[in-house]
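Colleague: Below you'll find the structure I mean.
The values are calculated or read from the model by the stated rules, or taken from the named source; none is laboratory data. Being a predicted model, the structure only gives us computed values, none of them experimental. Reconstructed Cβ throughout: ideal geometry from the backbone, glycine too, with neighbour counts over all protein chains shown. Side chains included, ligands, DNA and RNA excluded: accessible areas come from the protein's heavy atoms. Shrake-Rupley method; radii C 1.70, N 1.55, O 1.52, S 1.80 Å.
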Amino acid sequence: MSANLKTVHDGAHTFNLLIDGKLVAGATTLDVINPATGKVLTKCARADKAQLDQAVAAAKKAFPRWSATPIESRRQILLKIADALAARSGEFARLLTEEQGKPLAHAAGEVAGSVAMIQAFAAIDLPNKVLRENDVERIVQIHAPLGVVAAITPWNFPIILLMIKVAPALLAGNTIVAKPAPTTPLTTLLFGEICADLLPPGVLNVIVDQNDLGGFLTQHPDVAKVAFTGSTATGKKVMASVAGTIKRLTLELGGNDAAIVLDDVNVKEVAAKIFQGAMMNSGQVCLAIKRVYVPDALYEAMCAELAELAKAAVVGDGLDAATQMGPIQNKAQFEKVKEFLEDGRANGKIIAGGNALDRDGYFIAPTIVRDISDQARLVRDAQFGPVLPVLKYSSLDDAIERANGTEYGLGGTVWGRDLKRAYDVAARMGSGTVWINKHLELAPNIPFGG
C-alpha cells in the first residue's frame with residue numbers, strides 16, 4: 001500500500017479485493033455511483049464465485065493460527081488498526097461522503113465512531129469462568145472462537161456497522177470474510193488495505209459483489225457464523241439460507257420506530273429533537289424515528305414546528321459545508337421513497353416537502369405528513385427516508401397500542417417531563433431499545449437489538 005495514496009476523487013486510486021493478505025483485481029469491475037450527482041464516481045473490483053471461495057478458504061486456513069494467538073496480541077493488533085484508521089480519518093470521511101452521500105461532518109463522525117468502536121471492543125476481556133470446583137470436579141466455561149465469520153454490511157453506515165462486526169470477531173479469534181453493500185464498497189475496500197499491512201494473511205478478507213454472491217457466502221459449509229445488517233426481507237432470506245448448515249446467526253434488520261409524545265412537553269424543544277431523530281442520514285437509519293404520536297392538545301403546535309424545521313433544512317451535496325441533509329444513497333431506494341411520498345399525499349396532508357428535488361442526484365425534500373391513518377403504507381412500513389408521519393391520539397393507552405401495532409420491534413422513544421410516567425410508557429413499548437427524552441444513544445457494552 002502506497003504511503004502517499006491519492007484520494008478517489010482524482011481518479012488515481014485502484015480499489016481491489018483483499019484475499020489471503022493480497023490486494024487483487026476482481027474478476028470484473030463495478031461502477032460506484034455518487035448519489036449527490038447520480039453519476040459514476042469510480043470503479044472498483046467485483047468478485048466472482050471463485051474469488052469468494054478463495055476468500056473463505058483463506059479465512060479457514062488462517063483460523064487455527066489466529067485463534068491460537070494470545071488474546072492480548074489480538075487486542076494490540078486491533079488497537080493498531082484503530083490508530084491506522086484514525087490517521088487517515090479525513091481520507092475515509094471524504095470517501096464515505098462521496099459514495100454514501102451524508103454530509104462530510106457526519107461522515108467524519110462515523111469514522112471517529114468507528115475508531116472508538118474498535119478501541120472499545122479491543123478493551124473487552126474474555127476470561128474463563130469456573131462454574132463449579134470441589135474435591136471431585138472442576139467445570140470451566142471458556143470462550144472459544146467459531147471459525148470463519150461472514151460480515152455482511154449495508155449502505156447507510158458502511159464503516160461503523162462493519163467495525164461492530166469485525167472488531168469483536170477478531171478479538172474473539174475468528175477470521176472474517178466481509179461483504180459490503182455493492183453501492184458503498186469503497187470505504188470497506190480501503191479498510192482492507194489498512195488491514196493487509198496489519199493482519200496475518202487470510203484473517204480478514206474483503207469481497208465485493210453485485211448482490212449475486214450473498215447466497216453462496218451464507219450457505220458456504222466453511223462459514224461458521226453470519227452477521228448481517230440490512231432489510232427485513234433480505235434478513236429472512238439469510239436466515240433461511242443458513243438453516244442447512246445450522247450456522248450461528250446475528251441479524252439486525254428493519255425498524256418502524258415510534259415516538260410517543262406526552263402532554264407535558266415543551267413542543268418547540270422536543271420537535272427539534274424528534275426532527276433530528278427522524279431525518280439524520282436523510283432518514284436512512286434502522287433506528288430512525290419513523291412515526292410520531294402526539295396528544296390532541298399539542299398536535300397543531302407539533303405539526304407546525306416540524307414543518308418549519310423541514311422547510312428550513314439545507315439539502316445538498318455532502319461535500320458542501322452548508323449541507324445538513326444529503327441525498328438518498330441509491331436510485332432503488334430513491335424510487336421507494338418517492339412511493340412513500342405518493343402514499344402520504346394520497347392518505348394524509350403534506351405540510352412540508354413532499355417531492356424529489358429537481359436536480360442531479362437522489363435528493364428528497366424533508367417531508368412532514370399530518371392527518372394520516374395508521375393503515376397508510378407510510379405508517380405501517382419502514383420508509384427509510386426523510387418522510388415523517390405525525391399522528392394524533394386522545395388516549396395514552398391507545399397511543400401505546402398503536403405504537404406496538406407493527407411487525408417491527410427495533411427501537412422507540414418517549415418524550416415527557418414526568419420521568420416516572422415516561423418510564424412506565426417506555427416499559428410498555430414492544431421494542432428492543434427505548435429511549436426517554438433522547439434518541440439513538442448506543443454504547444458497545446449495552447445490549448442492542450429488536
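Colleague: Using a Gaussian network for the chain with springs between C-alpha atoms less than 10 Å apart, which of these wobbles most: R248, R132, R74?
Modeller: R132
Colleague: On to the next question. Could you let me know the centre-to-centre spacing of the stretch 339-387 and the stretch 65-93, using Cα atoms, in angstrom?
Modeller: Their Cα centres are 42 Å away from one another.
Colleague: Round to the nearest 10 and report in Å² the accessible area of K43, as given by a 1.4 Å probe over the protein chains' heavy atoms.
Modeller: About 110 Å², rounded to the nearest 10.
Colleague: Here's another thing I want to ask about it. With springs only between Cα atoms under 10 Å, which of G411, G202, G353 fluctuates most in a Gaussian network model of the chain?
Modeller: G353
Colleague: Which value in deg cm²/dmol, rounded to the nearest 500, describes the helix-derived mean residue ellipticity at 222 nm for the chain, given -39,500 (n - 2.57) per DSSP H run of n ≥ 4 and division by the residue count?
Modeller: After summing the helix terms and dividing by residue count, I get -12500 deg cm²/dmol.
Colleague: Could you tell me which trypsin sites (Lys or Arg not before Pro) in the stretch 289-390 are loop residues by DSSP with no more than 14 other beta carbons within 10 angstrom of their beta carbon?
Modeller: R359
Colleague: Which translational diffusion coefficient, to the nearest whole µm²/s, is obtained for the chain from the Stokes-Einstein equation, given a Kirkwood hydrodynamic radius over C-alpha pairs, 37 °C and 0.692 mPa s?
Modeller: For the chosen part, D equals 143 µm²/s.
Colleague: I've got another one for you. Accessible area per residue, 1.4 Å probe, Å², for the chain: what's the number?
Modeller: 42 Å²
Colleague: Can you grab the distance from the C-alpha centre of the stretch 153-214 to the C-alpha centre of the stretch 99-148, Å, no decimals?
Modeller: The stretch 153-214 and the stretch 99-148 have Cα centres spaced 16 Å from each other.
Colleague: From the square roots a ≥ b ≥ c of the eigenvalues of the alpha-carbon gyration tensor of the stretch 241-325, which class results: rounded (a/c under 1.5), prolate (a/b over b/c), or oblate?
Modeller: Oblate is the answer for the stretch 241-325, as a/c is 1.5 or above yet b/c matches or exceeds a/b.
Colleague: Reachable aspartates and glutamates from K268, Cα under 13 Å, same-chain residues fewer than 8 places away excluded?
Modeller: Hits, sequence-local ones excluded: E300, E305, E308.
Colleague: State whether the stretch 320-415 is rounded, prolate or oblate according to the following rule on the C-alpha gyration tensor (a ≥ b ≥ c being the square roots of its eigenvalues): a/c under 1.5 gives rounded; otherwise a/b larger than b/c gives prolate, and the remaining case gives oblate.
Modeller: It comes out prolate by the Cα gyration axes.
Colleague: Something else about it: For the pairs K61/K179; K61/K102; K61/K247; K43/K290; K43/K237, note any where the Cα-Cα span goes beyond 30 Å.
Modeller: As for pairs spanning more than 30 Å Cα to Cα, those are K61/K102; K43/K290.
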